[in-house]
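A.B. asks: The structure under discussion is supplied below as structure tokens; questions concerning it will follow.
The values are calculated or read from the model by the stated rules, or taken from the named source; none is laboratory data. Just so it is clear, the structure is predicted and the values come from calculations on it, not from any experiment. Quick reminder, even Gly has a Cβ in these numbers, built from the backbone with ideal geometry, and neighbours come from all protein chains shown.
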Amino acid sequence: MKRKRVRIPDLVCVRCGLRVESRAKTKPELSMSDSPATLERAWDFGMVDADVIAFPVCKPSEEKQWSAGRLSEPISYWHERNWIRWQPEGKVNYVRVSRFRAVPRDGSATKGVTEGSETSVAWKARFSRRDGVVEAVQGQRITIARSGDGRRHTQTVPTTLSIVVGQGEEVAHNQIIASRVRPETDHDLHCAGTLPDGHLPQLLASRERTQRFTGVKLARLRGDASLGTPIASLESDREEDVYIRLEAAAHLVAVCDLAAEGLFTPYLASPELHYAITLITLLWSFVESWVARRWELRPHADLPDADAHDD
Ligand SMILES: [Zn+2]
């Protein structure tokens with residue numbers, strides 16, 4: 001059975017509710033996979049304007065070949081793996097989803113045949129190739145003096161790109177210096193420390209599935225018992241997504257002290273094995289959040305590894 005793809009932003013801040021999705025790249029670029037034919041494979045599926053996409057550049061630092069196999073007539077079994085240890089390089093750029101949606105993409109490319117109709121979308125940007133200081137910005141020309149030896153490098157940026165750094169500003173390797181979409185500054189990303197007023201009820205009532213999921217998860221991690229009623233209603237809604245119903249059940253048990261047996265047993269008895277697996281994963285995070293609250297600590301971020309349950 002093919003279940004609809006469950007994609008949820010990788011990180012959520014327990015304090016302010018900011019959701020971040022990470023798209024690691026092997027070179028500095030603002031590109032994402034996208035499939036115009038399949039709604040669930042669109043680059044922004046499940047995301048809202050306020051979400052942020054992080055683009056860490058990762059370089060392989062260690063590579064190992066691993067293989068194991070058995071060869072005997074008339075059948076053979078062979079398994080090969082390539083283990084790579086990745087090392088983040090330079091600045092991680094962050095761009096708000098609303099910024100991408102506001103600017104037409106610069107292009108799309110279709111990957112190899114084996115990946116079917118999978119394509120990627122990209123927005124043009126220029127990245128600093130060194131750590132340094134912006135010495136001058138004149139028109140579309142930007143001069144960066146490299147840290148250490150002060151060596152200058154000037155480049156002219158096409159007029160379609162806006163320069164997003166100013167004179168005297170420190171820039172890091174791989175940082176966006178000119179772009180079609182404005183990246184978030186460190187100041188923009190500073191945690192507000194609190195949720196906006198009415199944020200959780202709004203998330204729970206959202207038409208966007210991933211928002212409801214985030215709402216239930218945040219309510220549990222924050223130990224917010226005041227939302228028992230809307231969460232119980234999500235739990236009992238047979239039309240609701242099963243992962244949200246499971247999260248809601250966990251909230252009712254962990255935060256509202258309802259009996260686990262009645263809420264969890266139907267999932268364990270279900271012929272869908274992955275429901276049971278999800279429940280076990282969830283019980284583990286439930287133990288974690290229970291321990292965290294017992295110790296009066298709060299986990300900083302939760303990583304719902306939902307993709308692992310895809311068919
Ligand atoms: Zn925050």
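A.B. asks: Just to be sure I understand the filter: pairs with C-beta atoms under 6 Å, separated by 6 or more residues or on different chains, first member in region 30-50 and closer than 15 Å to residue 100 by Cα and charged (D, E, K, R), second member part of a loop (DSSP other than H, G, I, E, B) and at pLDDT 80 or above. Which pairs pass?
C.D. replies: Between residues of region 30-50 that are closer than 15 Å to residue 100 by Cα and charged (D, E, K, R) and residues that are part of a loop (DSSP other than H, G, I, E, B) and at pLDDT 80 or above, the close pairs are 34/42; 34/43.
A.B. asks: I would also like to ask the following. Within the group 221, 268, 200, which residue is modelled with pLDDT of 95 or more, of a type in the set (A, V, I, L, M) and touching a helix residue (DSSP H, G or I) at 6+ places or on another chain (Cβ under 7 Å)?
C.D. replies: Of the residues listed, the single one that is modelled with pLDDT of 95 or more, of a type in the set (A, V, I, L, M) and touching a helix residue (DSSP H, G or I) at 6+ places or on another chain (Cβ under 7 Å) is 200.
A.B. asks: Consider residue 247 carefully, then state whether it is over 30 Å from residue 166 (Cβ atoms) and either touching a residue at least 24 places away in the same chain (Cβ under 8 Å) or surrounded by fewer than 17 Cβ atoms within 10 Å (Cβ to Cβ) (or both).
C.D. replies: In short, yes.
A.B. asks: Touching a strand residue (DSSP E or B) at 6+ places or on another chain (Cβ under 6 Å) and outside any loop (DSSP other than H, G, I, E, B): is that true of residue 178 in this structure?
C.D. replies: The answer is yes for residue 178.
A.B. asks: Is it true that residue 254 is modelled with pLDDT under 90, surrounded by 15 or more Cβ atoms within 10 Å (Cβ to Cβ) and small (Gly, Ala, Ser)?
C.D. replies: yes
A.B. asks: Considering region 184-234 alone, what residues qualify as being under 20 Å from the mean Cα position of the chain (by Cα), more than 15 Å from the ligand (Cβ to nearest atom) and either acidic (Asp, Glu) or on the phi > 0 side of the Ramachandran plot (or both)?
C.D. replies: Residue satisfying the conditions is 208 alone.
A.B. asks: Can you give me the number of residues within region 5-32 that are part of a loop (DSSP other than H, G, I, E, B), at pLDDT 90 or above and either among the acidic types (Asp, Glu) or within 16 Å of the ligand (Cβ to nearest atom) (or both)?
C.D. replies: Within region 5-32, residues that are part of a loop (DSSP other than H, G, I, E, B), at pLDDT 90 or above and either among the acidic types (Asp, Glu) or within 16 Å of the ligand (Cβ to nearest atom) (or both) number 6.
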